[in-house]
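Down below is the structure, laid out as structure tokens.
The values are calculated or read from the model by the stated rules, or taken from the named source; none is laboratory data. Not measured: the values here are computed from a predicted model. Here Cβ is always computed from backbone atoms with ideal geometry, including for glycine, and neighbour counts include all displayed protein chains. Side chains are part of the model used for accessible areas, which takes the heavy atoms of the whole protein and leaves out ligands, DNA and RNA. Shrake-Rupley method; radii C 1.70, N 1.55, O 1.52, S 1.80 Å.
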Amino acid sequence: MNTKSKAVVGIVAVLLLIAGWWILGVQGTPEGKGPIKIGASLPLTGEAASYGEMTKPGIDLAVREINDSGGIEGRPIEIVYEDDKCSSEGGSSAFNKLVAVDKVAAVIGPVCSVAASAALPIAQKSGVPTLIIASAPGLTKIGDYIFRVYPSDSLQGKFAAEYVFNTLGKHAVAILYVKNDWGEGLKDTFNRRFTELGGTVTLSEGIVQGRTDVRTELTKIKASSPQLIYIPLQPDSGVAVAKQAKALGINAPLFGGDFFDTKEFTTPSETAGILFTIGKFNNPEEFKARIKSETGADSAILTPLGYDALKVFAYVIGEAGIDPQAMQRELSDLSYTDGESQPLISFDKDGDLEAAQFEVRVVKSGKSEPFEK
Amino acid sequence: MEYLIHIAVLACIYGILGISLNLVMGETGLISVTHAAFYGLGAYAVAFLLVGFGINFFLATLAGMILASGVAFAIGVVFLRLKEVYYVLGTVGSNVILFSVLLNWNSVTRGPLGIGGIPRPEIFGFRFSENEAFLLLVLAAVAITYAISVLITRSSFGRVLNAIREDEDVVSVFGYSVYHYKLVIFTIGAAFAALAGAFLASYLTYISPFSFTVVESIFILSIVVLGGLGSGRGALIAAGILVITPEALRFVGFTPDIAAQMRQVLYGLILILLMLYRPQGLLGRFRI
Amino acid sequence: MKTLLSTRRLVKRFGGVHAVDHVDLSLEGGKITALIGPNGSGKTTLINVVTGMLAIDGGDIVIDSVRLQRIRPSDVASYGITRTFQNLRLIQQMSVLDNILLVLTERNIWGALFEQHTKFHLATAEEILKKVGLWEKRNENAESLSYGQRKLLEIARAVSMEARIYFFDEPFAGLFPEMVRIVSGIIRELRASGAAVVLVEHDMLLVRELADYCYVLDSGKVIAEGTPEHVLKQQNVVEAYLGK
Amino acid sequence: MDIAAQLILNAIIAGAIYSLLALGFNLLYSTARFFDLGYGAMSVAGAYVAYTFYNLLDLSVPIAVLAGVLAAGTLGFVVEKLVYRPLRARKATHTVLLIASLGVLIVIQAVISIIFSSQFKILSKDVNLEPVFNVFGGAITQTQVIILVAALLIMVALALTLKYTLFGKAVNAIADDEEVARVVGVNSERVIGVVFFVGSAIGGAAGIATAFDSGIYPTIGLPLLLNGVIAFIVGGVGNVYGAVLGAFALAITENAAAWFLPGEWKFAIAFLVLIIFLIFRPQGILPK
């Protein structure tokens, strides 16, 4: 390596570092008059990218509607999207940038609990109000600037256990769950509540995210002869389980979690008849049509939540301005009623949804509808 | 400014990983695709000891480095006897198995829920809670790692490693027990990977098994490849580039959902073009 | 002089072929022994077996009256054996000086890590490199040397081992006359120091000039042994070379 | 339902897909002599092209499968020509080729997730009317039977071509020794190009079978590849029948272990099998 090309490489490397420094450093935002910046930390790459792709259209629609009607007291809203890659490093990087460089007034997301656990301490320390969608139970306890527009897993697991035991009358259940924070959380809370009620869990099997050949696990479950199989899985393994359970002649009903309310899960014909719990959100047809016409995307479970999160922030900023403490106070005793996803959005002392109820839906002819036992 | 410090801390952590893997892969030619597992062992040791027992950060880091070295020694004893291609596959296997242990040993690692609430380092009453202070600490760690790597490469031990990289049989005929040399450098590399893991855990205050997969090992491997074999400085600069460019790309005008994938395309292309036109990377002393 | 190394009915098989077929030879200190024979007669294979590069399939090797069925490459140096390679195996992307220092410095890991007396080794290396005329090129990488210079470097590397038994595999091939003179001088010095020198060579003039004893190999067997004059006259040796 | 029969059927279905992966990989490795990580991306590309033809353009299954297989093959051929051939011409070491193929895997997977988004896709329309056969008490669907038959056909076809056709002899010659083959008059560049086409096409078939059987997402390339590699090593490097045997051995061990241990250990078990073979029987079940 003669010295000349070594020098060239050295200079290039240094230039690159300086350029990086310059780009990152300059980007301050003028206070007062300019657009109000609100951050959105979503998973845009990796296996969880589909969650980001679900949430974004809701936020886009809300921003367009707010800005078309003159923004908040004349100031338009600007959304800064950051990819948190559903990882702890990604969450930390996304929030560090949103808080320190973009100096956003508030943040929507993250959607994944892994990213949230690393990111939220940053938001709390810098006092940036955050509306998260990630559902791991302990997240809102990280600080008083953290609020959640999506019910925590502990509620959903408990609700599912009670519904299966009391309403469906099934007392011997097997569990097949995905080994990530969401799946583990639901399994634990379901298990605890179901055994409290006197039910027995015949078998509890975890599968790694993204695995789609689950025939042997299902064979094992069938051998434990459950009356029902609780499957808090993601759409990919969910469809595979539906398909392979039918093939293996397992006729025990399948009961899933909230991520089954996606087009990806409901369209394949194998999933017809599968029940799943979901936050009692409405995803009204009219809203779906607006999303389709404005953004071209199909509205899924997280789309109305993204929409409402931004609308809540717009409402709060309208009331209290962009001073963090004022926004925090406004949020803690908020009772927002014209949300798309749920009739009433208000938070308990921890920052979780107060009026979080769940409903059970069933997959039918490519879509899902409320299930009446 | 705060954000630059954040990136600088991440760049330093990956710098330590790059330097340590360069010792194993750059100097000695041992491609190790399990470096992220040692990185994870260091992180989980610190998380477990700090959160569980409130042990001082530096003691916990030491424990993490010893744990990782022990595991690395065991892996090395088994795989360093095998033919080169099988050794590489053996390391991939160990990474998958160690990741599965982190993911499934719920009682210790809390499985996919990960371990949160990891405190920042504290010594003589001063806690490195501000990022600026933490950056100084991690810079010191990088300096120590770099110094030790220079000490190793400049010594006769380093010269033997470079010779092993090129022609093992000749080195053994002249009286060196090549197997033991490989074992020692493999273990040293693992110890420093654990050091990086300790800093990651304390900096992010939360870790989950998903940061220590085979894909992460491949990322660390490409830092050494970009930096050039046999160059600690090259590994440091490459770590800086590979950490900063994705962050800088957050500012380039791609629409958000494309931007993220474009980063992957760019990153893949760098690897291909490097191999085609500059196999010795930026500042490498050796061609691969 | 004492026999430093001998082989008893040594065998090396590749599949069915006997590359080394029950060979008995003995190497005395202070003597130059030539191994001659047509190409493919098993000379290099024999050296590779004795220096631990290839496993022993039959018979054994006796060193200091200890019979060995297995020699690991890393043990070879401890038995005081060293060698050069027919097809040159230097550390290409390493400097000439480092190629020599590699064989001078501490072998155990702890020692190698915390080596103090490199000044002593530098002096030895300088002396040897000067002897083969490569001292000026000491900082260049081995790969940038000419073929002849690389041959000299390999010989210098072997010499700096200060071993008891040297195996030189065609050391003179491709050397200019001046270099041949240097190498012959070195080989004579080694003999004078009491070491056993084994020479694989095709140039009969050199064999006559240097060798004290000869073994002639043909398809793995020793077909003749003795002083060069005695051996080169024998009928079967001439036939082996000129073909039946 | 007879549990044992079902477990064996599960293993046979998984084994069929693994054997396709292993066969394709075996073909590439034995001629090009390096671990082509890009092979994983070929299976994913083939599956997504088939998805486009079948689900989006509503064409019939045979056309979609054919399109997918041809697309994967062409992609393999193009990648070999653009990336691997120049590297091999320059006598690059297999490490360089390994890292370049890693770049290929990353780029192709990223491009696919840009085009198709990273959501999960499955190739099936009307499963309700899909007949399920009962074999000794175990259940197997029509699609799975088709996959099994297709896999067997491809295996036999490959074995025959390698044994009796001119192309097959050229491949074997290159597998033994590329230099000698070239001396004897085999145009090794062109043959290796065709080998990459055939190997990637088989990889594409495996990807399509996975898409029909259980579904795909852009980053499934690496897990598919690793399964193929394990089967390839366990079966015996460079041996067609060995690859198939290794595939079924891996599938049976995996399914048996999944029966006794909790499911989350499945991927780790596959690698445990690999490591055991690497140590005790690196030449695999059926050495070349």
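Placing one identical point scatterer on every Cα of chain B and ignoring solvent, what is log10 I(q)/I(0) from the Debye formula at q = 0.07, 0.11 Å⁻¹?
Values returned for q = 0.07, 0.11 Å⁻¹ are -0.25, -0.63.
What's the total accessible area buried between chains A and D, using a 1.4 Å probe, rounded to the nearest 100 Å²?
The buried area between A and D, both sides summed, comes to about 3000 Å².
Per residue, how large is the accessible surface of chain C? Use a 1.4 angstrom probe and give square angstrom.
44
Working from Cα positions, state the angle (0 to 90°, nearest 10) between the long axis of helix D:38-51 and the longest principal axis of chain D.
Helix D:38-51 sits roughly 50 degrees off the main axis of chain D.
When chain C is treated as a GNM, springs tying every alpha-carbon pair under 10 Å, which of C:SER146, C:SER184, C:SER160 comes out with the largest mean-square fluctuation?
C:SER146
Net charge near D:GLU178, counting Lys/Arg +1 and Asp/Glu -1 over other residues with Cβ under 15 Å of its Cβ?
That sum, taken over residues with Cβ under 15 Å, equals +3.
Have a look at the DSSP beta bridges in chain C and tell me what percent are antiparallel, nearest 5.
55
Please enumerate, by chain and number, the lysines with C-alpha under 17 Å from the C-alpha of A:LYS288, excluding those fewer than 8 residues away in the same chain.
The reachable lysines, counting only those whose Cα sits under 17 Å from A:LYS288, are A:LYS56, A:LYS263, A:LYS280, A:LYS311, A:LYS367.
Under a 10 Å cutoff between Cα atoms, tell me which one of A:ALA160, A:ALA134, A:ALA272 has the largest fluctuation in the Gaussian network model of chain A.
Result for chain A, Cα springs under 10 Å: A:ALA272 fluctuates most.
With a sphere of radius 12 Å drawn around the Cβ of B:VAL24, what net charge do the other residues whose Cβ falls strictly inside it have (Lys, Arg +1; Asp, Glu -1)?
+1
On a 0 to 90 degree scale, rounded to 10, what angle separates helix D:188-213 from the longest Cα axis of chain D?
10
Taking the Cβ of A:ILE229 as the center, what net charge do the other residues with Cβ under 13 Å away carry, scoring Lys and Arg +1 and Asp and Glu -1?
Around A:ILE229, the charge tally is +3.
Give me the 1.4 Å probe accessible area per residue for the stretch D:3-280, excluding ligands and nucleic acids, in Å².
Counting only protein heavy atoms, the per-residue value for the stretch D:3-280 is 36 Å².
Amide H neighbours of D:VAL135 under 5 Å, at least 5 residues apart or on other chains, H built in the peptide plane: list them.
Those qualifying (amide H under 5 Å, at least 5 residues apart or on another chain) are D:ILE140.
Roughly how many Å is it from the Cα centre of the stretch D:31-66 to that of the stretch D:234-288, as a whole number?
Here the answer is 25 Å between Cα centres.
Along the stretch B:51-58, what does the Karplus equation 6.51 cos²θ - 1.76 cosθ + 1.60 (θ = phi - 60°) give for ³J(HN,Hα), rounded to whole Hz, x for Gly and Pro?
6, x, 10, x, 6, 4, 3, 5
Just want to confirm a number: the relative contact order over the stretch D:3-280, from Cα pairs under 8 angstrom separated by 6+ residues, in percent.
38
Just want to confirm a number: the relative contact order over the stretch C:88-162, from Cα pairs under 8 angstrom separated by 6+ residues, in percent.
Working: 73 pairs, mean separation 37.2, N = 75.
It comes to 50 percent, rounded to a whole number.
Set the Förster distance to 51 Å, then compute FRET efficiency between C:ASN108 and A:GLN124 from the Cβ-Cβ distance, nearest 0.05.
Working from the Cβ atoms, E equals 0.40.
Estimate for me the total accessible surface buried between chains B and C (protein heavy atoms, probe 1.4 Å, no ligands or nucleic acids), in Å² to the nearest 100.
Buried area between the two chains comes out at roughly 2400 Å².
Given the Cα-Cα distance of D:LEU70 and D:LEU57 and 0.36 nm per residue of separation, how much length would full extension add, in nm? Show your work: numbers first, answer last.
Values: separation 13, 0.36 × 13 = 4.68 nm, distance 1.70 nm.
That works out to 3.0 nm of additional length.
Once phi is turned into ³J(HN,Hα) by the Karplus curve 6.51 cos²θ - 1.76 cosθ + 1.60 with θ = phi - 60°, what whole-Hz value does each residue of the stretch C:5-17 show in order, with x for glycine and proline?
Result, ordered by residue: 8, 9, 10, 10, 6, 5, 10, 9, 10, 10, x, x, 7 Hz.
Output the relative contact order of chain B, whole-number percent, from Cα pairs under 8 angstrom with separation of 6+ residues.
RCO, chain B: 36 percent.
Roughly how big is the A-B contact, given as buried accessible area in Å² (both sides, 1.4 Å probe, nearest 100)?
3700
For the protein assembly as shown, with all protein chains present and a 1.4 Å probe, just round the carbon and sulfur fraction of the accessible area to a whole percent.
It is 63 percent, rounded to a whole number.
Positive end of the dipole of the protein assembly as shown, charges at C-beta (+1 Lys, Arg; -1 Asp, Glu), about the Cα centre: which of B:LEU98, A:PHE260, A:ILE59 has its Cα farthest in that direction?
B:LEU98
Per DSSP H run of n ≥ 4, the term is -39500 (n - 2.57); total these for chain D, divide by its residue number, and report the mean residue ellipticity at 222 nm rounded to 500 deg cm²/dmol. Show your work: numbers first, answer last.
Working: 12 runs with 208 residues, N = 288.
Mean residue ellipticity, 222 nm, calculated: -24500 deg cm²/dmol.
Just to confirm the number: angle between the C-alpha axis of helix A:181-196 and the first principal axis of chain A, 0 to 90 degrees, nearest 10?
Compared with the principal axis, the helix lies near 40 degrees.
Counting each DSSP H run of 4 or more residues in chain A as -39500 (n - 2.57), what helix-only mean residue ellipticity at 222 nm follows after dividing by all residues, to the nearest 500 deg cm²/dmol?
Counting only the DSSP helices, I get -13500 deg cm²/dmol.
Alpha carbon centre of the stretch A:58-134 versus the stretch C:7-24: separation in Å?
Each part reduced to its Cα centre gives a spacing of 76 Å.
Most fluctuating residue of B:GLY197, B:GLY114, B:GLY125 in a GNM of chain B with Cα springs under 10 Å: which is it?
Looking only at B:GLY197, B:GLY114, B:GLY125, the biggest GNM fluctuation is shown by B:GLY125.
Can you give me the C-alpha center-to-center distance between the stretch A:341-373 and the stretch B:175-212, rounded to a whole angstrom?
46
Can you list the residues of the stretch A:62-108 that have at least 40 square angstrom less accessible area with all protein chains present than in their chain by itself, probe 1.4 Å?
Going by heavy-atom accessible area, the residues of the stretch A:62-108 that drop by at least 40 Å² are A:SER88, A:GLU89, A:SER93, A:ASN96, A:LYS97, A:ALA100.
Between B:LEU266 and C:ASP212, take the C-beta separation as r, use R0 = 45 Å, and let me know the FRET efficiency to the nearest 0.05.
0.05
If r is the Cβ-Cβ distance from D:LYS163 to B:HIS180 and R0 is 45 Å, what FRET efficiency results, to the nearest 0.05?
The calculated FRET efficiency here is 0.45.
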